[in-house]
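Just below is one structure, and these are the notes that go with it.
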Amino acid sequence: MKKIFELLNDGQKEAVKTIEGPVLILAGAGSGKTKTITSRLAYLLANGIPPSSILTLTFTNKAATEMRNRAFSLIDDKIFPPLLCTFHKFGLLFLKFHIEKLSRKNSFVVIDNNDKKRIIKSFGVDMPVGLIANEISHYKNSLITTKIAWEKAELPNYKKIAQIYEQYEKYIEDNNLVDFDDLLVLPYKILDENEDICKETSDRYKYVMVDEYQDTNDLQYRLIRKICSTHNNICVVGDDDQSIYGWRGANIKNILNFKNEFNGTKVIKLENNYRSTANILKVANELIEHNRSRLGKILKNTKKEGSAVCLLKSSDEKNESTKIAKSIKVLIDKGVNPRNIAILYRINALSRSLEEGLNRIGIPYNMVGGVKFYERTEIKDLISYLRIIANANDDFSIKRVINRPKRGLGKITINKILKGAYEKNLSIYQYITHHHDEIRSMMSKKCYNSLMEFSENLQKLIEVSNQATCNIIDELENLFGIKKYYEGLPDSLERVSNIYEFYGLFRDTVKQNPQMSVDEFLNDLALQSDQESIDEESISIMSIHASKGSEFEYLFVIGMEEGFLPLVGDGSDIEEERRLGYVAITRAKEELTFSFSKSRFYKGKRTRLTKSRFLKESGVCKGSLVLEKTTSYKKGDLVKHKIFGIGRIFEIGKVKREFKLKINFSGTKRDIVASFVEKI
């Protein structure tokens, strides 16, 4: 017992010792959350509670392994380990015992996301496979059956997805497959439909712990309720101020309402921060206090006061990236290990100028959890179109964009075109512009018309480029609608932001160099986007979302402007944006620098910007506070109304201080105030 408690503070000790009844451990950033959970697990075992009665659920295998190892290091007698695993691993084990209740065999095979995409692709779909896979995942986690998905689909794209969803479900059932989402959906279904199994499961796991509870979605919450149906010995650990995954289904209400859902809940706050200096914590506390939907806690410093938080002002993104790169070089020259330095941003599109600035100064970087700007799919597509303008006989680029955006040209049709061009020793462009009769004979009328439209549009684009380089981007978008295409997809935000960034870069470059050709622009890109070497001693650049769980001695947060951090409009949730700011701040251990630029590319154009309200709210600079009523809804969300049932949001507006949603209820469109519906 002494070994378990010797390194714990008073709050942590209380959390470890409270093992009966519902417990909510509010663990602030850097407060020793993992140490507390593992010590509590060791305490349960040391008190003679059978390992088979304990269930601890986490979100990653890495976290589960770390907790298991740390808990066992605190126990002298090595015993059979309790079940400590991810939600999905628990679901897998459960299904091995009970899947026959769904008239399915327990010899099922679990498929990963790549397998899922291959199956969907085999149906010959004419929409992005990743988009369809994500939408099916969304349906499953919302417990929306294929029948409901079909009945509620109004727009043509969603009708198609509902049809593919039905086809996909039949395929995996016929082949005795289980996908990642089924590992949660099917156990819940079994527990919900079989009271005896639900009771047996709950009686078995009398002590339940859940890590990162603020990140649970509605389905995970329902599973937890089933597992705890015969008792109240549940301990959840999390931080409502770090709930930043609403966009992928996490429901902050799970942690905010925990004490109301489980009677007699004991709330224990872990507020001592062992990571950041006092000045950094002061900024974090002041910022998050502006959120109204929170349980409330204050991070307390255990370290020195430290340097004041710095605010870096720049004229534009190029000036900003140069200043940051030079500041980092100074740190490295002083002997700071590059691995202790990181740069964070809210929107991935901001990495473009950052990458170029680091390359100019020669600072190696590692992009964590993301793809470099010029390697992103939509950017490579745009560059391919520009390469065709510069050289219409560029077969590599033609092959990339001949069906991007989708224009109904399948793999077989494209192979016929490639074969025809090869046999005549012509480039693809030459072949499709001069051999119409032959091409017409090898494909359907619809495909032929689509291909001819593609060919004619390329010719128009090339003609425009010969007249005025400055008009190329507008004509490219007008003829091929690349941005418009991505705007119509549920995963549009990041991709469209990247497209806007690229369009803005092109326009700005041509404006500064009116005589520049497309060739010259592409050559400059090739030089800028090529990072010569990445060694082990690299700094890290990443989105704030990707930084969760990390910490760095020296931290730079860029894009501190309205529209970038926070994102505003189109249903963005200002409180979640503020939590993102809080997460970013609390990654810093010793020094924190905010960066604000007076202008950036915004929606494809050079735009004057205002400082982020978060700089004022956190006390970093002076100014009047911006107060705004928030909504967590966005276009495409499924919602439920007490009278009208399930519908999908297709537009978000604002009337005074209220958000008004335009919702499609099975073909009936209504305007409803946001507070009268709930997310599914």
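Starting from the stretch 6-18, keep only residues that are closer than 14 Å to VAL237 by Cβ and small (Gly, Ala, Ser), then list their pairs with residues that are at pLDDT 95 or above and open to solvent by 20 Å² or more (accessible area, probe 1.4 Å) whose Cβ atoms are within a distance under 9 Å, requiring at least 6 positions of separation or different chains.
Going by the 9 Å Cβ cut-off, the qualifying pairs are GLY11/LYS269; GLY11/GLU271; GLY11/ASN272.
Give the stretch 340-377 a look and list any residue that's open to solvent by 10 Å² or more (accessible area, probe 1.4 Å) and hydroxyl-bearing (Ser, Thr, Tyr), or say none.
TYR374, THR377
Output yes when any residue across the stretch 296-305 is more than 20 Å from LYS589 (Cα to Cα) and either in contact with a Gly (Cβ under 7 Å, 6 or more places away or on another chain) or not in a helix (DSSP H, G or I) (or both), and no when none is.
Checked against the condition, which is being more than 20 Å from LYS589 (Cα to Cα) and either in contact with a Gly (Cβ under 7 Å, 6 or more places away or on another chain) or not in a helix (DSSP H, G or I) (or both), the stretch 296-305 yields at least one hit.
Could you go through the stretch 538-552 and let me know if any residue there is hydroxyl-bearing (Ser, Thr, Tyr), modelled with pLDDT of 90 or more, surrounded by 15 or more Cβ atoms within 10 Å (Cβ to Cβ) and over 21 Å from PRO338 (Cβ atoms).
no
Would you list the helices (runs of 4 or more DSSP H) that sit entirely within the stretch 422-518 and hold 2 or more residues that are touching a helix residue (DSSP H, G or I) at 6+ places or on another chain (Cβ under 9 Å), in contact (Cβ under 8 Å) with a residue 24 or more places away in the chain and open to solvent by less than 30 Å² (accessible area, probe 1.4 Å)?
Because the criterion is at least 2 residues that are touching a helix residue (DSSP H, G or I) at 6+ places or on another chain (Cβ under 9 Å), in contact (Cβ under 8 Å) with a residue 24 or more places away in the chain and open to solvent by less than 30 Å² (accessible area, probe 1.4 Å), the helices (runs of 4 or more DSSP H) in the stretch 422-518 that meet it are 428-434, 445-467, 472-480, 482-487, 492-512.
Spot the failing condition for ASN260; the list is (1) in contact with an Asp or Glu (Cβ under 6 Å, 6 or more places away or on another chain); (2) open to solvent by 40 Å² or more (accessible area, probe 1.4 Å); (3) in a helix (DSSP H, G or I), and only one is missed.
That leaves (1) as the condition not met.
Determine the pairs where a residue that is over 14 Å from LYS662 (Cα atoms), located within the stretch 627-651, has a partner that is at pLDDT 75 or above and open to solvent by less than 80 Å² (accessible area, probe 1.4 Å) with Cβ atoms under 6 Å apart, the partner being 6 or more residues away or on another chain.
GLU628/ILE574; THR630/ASP573; THR630/ILE574; THR630/GLU575; SER632/GLY246; SER632/ASP573
If HIS138 satisfies every condition in (1) assigned to a helix (DSSP H, G or I); (2) in contact with a Lys or Arg (Cβ under 8 Å, 6 or more places away or on another chain) but one, which is the exception?
Every listed condition holds for HIS138 apart from (2).
Looking at the stretch 280-291, is at least one residue more than 29 Å from the chain's Cα centre (by Cα) and not in a loop (DSSP other than H, G, I, E, B)? Break it down stepwise before answering.
Quick first cut of the stretch 280-291, residues more than 29 Å from the chain's Cα centre (by Cα) only: none.
Checked against the condition, which is being more than 29 Å from the chain's Cα centre (by Cα) and not in a loop (DSSP other than H, G, I, E, B), the stretch 280-291 yields no hits at all.
Cβ-Cβ distance below 9 Å, separation of 6 or more or different chains: which pairs start in the stretch 559-571 with a residue that is part of a loop (DSSP other than H, G, I, E, B) and open to solvent by 10 Å² or more (accessible area, probe 1.4 Å) and end on one that is aromatic (Phe, Trp, Tyr) and at pLDDT 95 or above?
Pairs found: PHE564/TYR345.
Given the structure, is LYS89 over 19 Å from CYS198 (Cβ atoms) and not β-branched (Val, Ile, Thr)? Explain how you work it out, then say what you get.
Numbers: over 19 Å from CYS198 (Cβ atoms): yes; not β-branched (Val, Ile, Thr): yes.
Spelling it out, LYS89 is indeed over 19 Å from CYS198 (Cβ atoms) and not β-branched (Val, Ile, Thr).
Yes or no, residue by residue, for (1) closer than 27 Å to ARG495 by Cα; (2) at pLDDT 90 or above; (3) open to solvent by less than 70 Å² (accessible area, probe 1.4 Å); (4) over 29 Å from the mean Cα position of the chain (by Cα):
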residue: LYS62; (1), (2), (3), (4): no, no, no, no
residue: ILE79; (1), (2), (3), (4): no, no, yes, yes
residue: PHE87; (1), (2), (3), (4): no, yes, yes, no
residue: LEU102; (1), (2), (3), (4): no, yes, yes, yes
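GLU14 is checked against (1) modelled with pLDDT of 95 or more; (2) open to solvent by less than 10 Å² (accessible area, probe 1.4 Å); (3) not hydroxyl-bearing (Ser, Thr, Tyr) and fails just one. What number does that condition carry?
(2)
Looking at the stretch 147-178, which of the residues that are within 21 Å of PRO128 (Cβ to Cβ) and acidic (Asp, Glu) is modelled with the lowest pLDDT?
Step by step, filter the stretch 147-178, then rank; the result is GLU154.
How many of the residues in the stretch 390-421 are assigned to a helix (DSSP H, G or I) and either of a type outside the set (A, V, I, L, M) or open to solvent by less than 20 Å² (accessible area, probe 1.4 Å) (or both)?
Residues that pass the stated criteria total 15.
Every residue, every condition in (1) assigned to a loop (DSSP other than H, G, I, E, B); (2) farther than 24 Å from LEU219 by Cβ; (3) open to solvent by 20 Å² or more (accessible area, probe 1.4 Å), yes or no:
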residue: TYR43; (1), (2), (3): no, yes, yes
residue: LEU55; (1), (2), (3): no, no, no
residue: ARG70; (1), (2), (3): no, yes, yes
residue: ASN106; (1), (2), (3): yes, no, yes
residue: ASP115; (1), (2), (3): no, no, yes
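Residues to consider are LEU143, LEU155; find the one that is hydrophobic (A, V, I, L, M, F, W, C), more than 26 Å from ILE255 (Cα to Cα) and open to solvent by 20 Å² or more (accessible area, probe 1.4 Å).
On the way: LEU143 fails: more than 26 Å from ILE255 (Cα to Cα).
Sole residue among the options that is hydrophobic (A, V, I, L, M, F, W, C), more than 26 Å from ILE255 (Cα to Cα) and open to solvent by 20 Å² or more (accessible area, probe 1.4 Å): LEU155.
Can you find, within the stretch 586-612, the residue that is nearest to the chain's Cα centre (by Cα) among those that are polar (S, T, N, Q), open to solvent by 10 Å² or more (accessible area, probe 1.4 Å) and more than 15 Å from ASP508 (Cβ to Cβ)?
My answer is THR593.
Can you tell me which condition ALA342 does not meet? The list is (1) in a helix (DSSP H, G or I); (2) more than 23 Å from ARG495 (Cα to Cα), and all the others hold.
Unmet condition: (1).
Would you be able to tell me the number of residues in the stretch 301-347 that are touching a residue at least 12 places away in the same chain (Cβ under 8 Å) and either among the aliphatic types (A, V, I, L, M) or on the phi > 0 side of the Ramachandran plot (or both)?
Qualifying residue count for the region: 16.
Can you tell me which residue is farthest from TYR554 (Cα to Cα) among those in the stretch 303-316 that are polar (S, T, N, Q) and in contact with a helix residue (DSSP H, G or I) (Cβ under 9 Å, 6 or more places away or on another chain)?
Top of the filtered list is SER314.
State all residues of the stretch 72-88 that are in contact (Cβ under 8 Å) with a residue 40 or more places away in the chain and either of a type in the set (Ser, Thr, Tyr) or not in a loop (DSSP other than H, G, I, E, B) (or both); if no residue qualifies, say none.
Answer for the stretch 72-88, where residues must be in contact (Cβ under 8 Å) with a residue 40 or more places away in the chain and either of a type in the set (Ser, Thr, Tyr) or not in a loop (DSSP other than H, G, I, E, B) (or both): LEU83, LEU84, PHE87, HIS88.
The values are calculated or read from the model by the stated rules, or taken from the named source; none is laboratory data. Keep in mind that what you see is a predicted model, and the values were worked out from it rather than measured. Positions of Cβ are backbone-derived with ideal geometry, glycine not excepted, and every protein chain shown enters the neighbour counts. Heads up: the accessible areas ignore ligands, DNA and RNA and are worked out on the full protein's heavy atoms, side chains in. Shrake-Rupley method; radii C 1.70, N 1.55, O 1.52, S 1.80 Å.
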